[in-house]
Each structure stands twice: as C-alpha cells, then as structure tokens.
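Colleague: The structure that follows is given in the form of structure tokens.
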Amino acid sequence: MSGGSARSLEKGSAPPGPVPDGVIRVYSMRFCPFAERTRLVLKAKGIPHEVININLKNKPEWFFKKNPFGLVPVLENSQGQLVYESAITCEYLDEVYPGKKLLPEDPYEKACQKMTFELFSKIPPLVGRFLRSKNKEDRSGIKEEFRKEFSKLEEVLTNKKTTFFGGNSLSMIDYLIWPWFERLEGLELTECVDHTPKLKLWMAAMRKDATVSALLLDMKTYQGFLDLYLQDNLQACDYGL
C-alpha cells in the first residue's frame, strides 16, 4: 500500500496518471468512514493497492469524472474501470480477488449479513445529525436514538450467539460497520453502548484484529479534523500531516 498518509489532491491539482499493472487504486480521505470500509477490505485480503487522498472540502474538477457524486471511496484499476459506493466497492473486491473470502457463499448467510447492514444503515445519518446539532437537548435526543439503534444490533448478536456479526470469525459485515464504532470515542458517544454488553465485546474483539488495528485512527487527530471540517476549513482533510 502507498499514499495512505499523503496530502490530499484539491481543486486545481493535476489528475494522477494511469494505475500501474498489478495494483488497484483507491481514492480516499484519511478520516472518511465510508472509505475506511474499502481500505479495511483491501488490507484484509492483502490486495496490492495505492491510496490517493481527495480533499472533500475543495474537490479537484477531474474527480467528478471518477465519480459523478464527487464522493470517496472510488476504485480504479489498470484498465481504467471505476467502481464507487463503499459497500459496492467492498463486494467487488471480494468477488474479483482470490484468497480469503469475506462474504459467505451460503445465500441465506449472505442475506443475513445484508439484513444486518440494513439495520445498521440508520447510524451514519445519525452521526451527521449529531455533529450538526447545536444544543444539549437535541444531542440528548439523538443519543437516545443511537441507543435504540445499538439495541437492534445487540439483539442480532444475542440471537446469533457469536462474537462477530457473521459468526465466530470476522467477515464482511463487521468491516462494513466498524468505522462508525471506531469513531464513538472521538464523537464522545461511548456512553451509548453502555447498555449493550455484547456489542461492547464485539468492539473489543474488532480492535484485536490485525487489519483493524493497522488502520485505527488517532482520536485526538480525528477530533482536530472534525473541528476544522465543521467550520468548512479547506485544510481539514490534511489535519495532522
């Protein structure tokens, strides 16, 4: 892997050259949880890749040709094929690259992971609302919503009777939802999992995974990024470099 901690490309920057043979490129941003999904899968599967960071507050014009939404992550291979949307990039990587399979082969087990993913899907928008909320009343109401959503995931683990959401070993669903749990500390939301013991055990088990621990964020740096990002500071994405 190369480029994970490189400064981001911004408006006015030249586009990078073609992707070398034998490597896949991921357009990312150091603090983006959606892009972290893709980087976790790349790391877990041992896929040779390079990282190009994009300044999401001051996007290069050429980046909209890579993804019309202008969002990360985006994958690009040496044939110039482009894949975007985080969950789609992860499934693509699991299908295209041999070795450790992260999605189950069994159709029912695969459906179970996708249903858990849908249960989780309320959490990213809640984080956005929490970050934009201005007063304590709003924040306490949103914290209550977090607790309700986390209770649904606790129930999945309780019914499954396993450490991880896909079984006894870590699989795709765990990587897809982990980046938001990683950030709970930086968001000062860890109290919202106090009532979910199995979810807390899952979080502890995730931190022990070699792939997860290799990509863990420094929370002080993450909080510094958030402060700038919420002020629409154009340099937020490069905070700490």
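Colleague: For residues that are of a type in the set (K, R) and under 22 Å from the mean Cα position of the chain (by Cα), tally how many sit in region 135-194.
Modeller: 5
Colleague: Something else: Right, S13: open to solvent by less than 40 Å² (accessible area, probe 1.4 Å), closer than 26 Å to Q231 by Cβ and within 17 Å of the chain's Cα centre (by Cα) or not?
Modeller: no
Colleague: Determine whether region 26-40 contains at least one residue that is under 18 Å from E10 (Cα atoms) and hydroxyl-bearing (S, T, Y).
Modeller: There is at least one residue in region 26-40 that is under 18 Å from E10 (Cα atoms) and hydroxyl-bearing (S, T, Y).
Colleague: If I go through region 1-10 residue by residue, how many of them are open to solvent by less than 80 Å² (accessible area, probe 1.4 Å) and at pLDDT below 95?
Modeller: 4
Colleague: Can you report the number of residues in region 118-159 which are open to solvent by less than 50 Å² (accessible area, probe 1.4 Å) and either of a type in the set (K, R) or assigned to a helix (DSSP H, G or I) (or both)?
Modeller: Number satisfying all stated conditions: 19.
Colleague: Can you confirm whether P104 is out of contact with any helix residue (DSSP H, G or I) (no Cβ under 8 Å at 6 or more places or on another chain), more than 24 Å from I54 (Cβ to Cβ) and either surrounded by 13 or more Cβ atoms within 10 Å (Cβ to Cβ) or of a type outside the set (D, E, K, R) (or both)?
Modeller: So P104 fails the test.
Colleague: Right, another one. Which members of region 40-59 meet the condition of being under 19 Å from S5 (Cβ atoms), open to solvent by less than 30 Å² (accessible area, probe 1.4 Å) and not β-branched (V, I, T)?
Modeller: The answer is L40, L42, H49, N53, N55.
Colleague: Answer yes or no as to whether L170 is open to solvent by 10 Å² or more (accessible area, probe 1.4 Å), in contact with a Ser or Thr (Cβ under 9 Å, 6 or more places away or on another chain) and in a loop (DSSP other than H, G, I, E, B).
Modeller: Yes; evaluated as a whole, the condition is true for this residue.
Colleague: Provide a single number: the residues in region 173-204 that are acidic (D, E) and surrounded by fewer than 19 Cβ atoms within 10 Å (Cβ to Cβ).
Modeller: Looking only at that region, the number is 4.
Colleague: So, in region 16-39, exactly how many residues are open to solvent by 40 Å² or more (accessible area, probe 1.4 Å), out of contact with any Leu (no Cβ under 9 Å at 6 or more places or on another chain) and under 18 Å from N67 (Cβ atoms)?
Modeller: 1
The values are calculated or read from the model by the stated rules, or taken from the named source; none is laboratory data. Being a predicted model, the structure only gives us computed values, none of them experimental. Counting neighbours? That spans all protein chains shown, and the Cβs are built from the backbone with ideal geometry, glycine included. Heads up: the accessible areas ignore ligands, DNA and RNA and are worked out on the full protein's heavy atoms, side chains in. Shrake-Rupley method; radii C 1.70, N 1.55, O 1.52, S 1.80 Å.
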